[in-house]
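> The structure is given below, and queries will be raised subsequently.
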Amino acid sequence: MPRQVNRRARDAMMIAAVQHIRSVPASKAYFDKKRAAGKTHQQAVRAVARMLSKVLFSMLKHSEDYVIPDVSNTPESNSVTVP
């Protein structure tokens, strides 16, 4: 397996992960969970980037749109109604 990485793709993914952490509460919660588990900042950002790449692959595979998950801890926000 090649050890080389497309640096432009990696840099773009890292920028996307940082922006996602800043703007999406679910990603911030995932990042904070990784930091609480003892990961360094860069390791936690890479974990978010890996999670985003899995989400992106799943979206392409299943032809679905991205839905931002709700991370609120209130009971009424945890219930999702589907019409």
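The values are calculated or read from the model by the stated rules, or taken from the named source; none is laboratory data. Quantities reported herein were computed from a predicted structural model and do not represent experimental measurements. Note that we place each Cβ from the backbone using ideal geometry, even for glycine, and neighbour counts take in every protein chain shown.
> I'd like the full set of residues that are more than 16 Å from ASP70 (Cα to Cα) and among the acidic types (Asp, Glu), limited to the range 1-58.
Selection gives ASP11 alone.
> Are there any pairs with C-beta distances below 6 angstrom linking a residue in the range 1-30 that is of a type outside the set (Phe, Trp, Tyr) to a residue that is at pLDDT below 90, with the two at least 6 apart or on different chains, and if so which?
Listed pairs, sorted by first residue: VAL24/ILE68; PRO25/VAL71; ALA26/PRO69; ALA26/VAL71; ALA29/VAL71.
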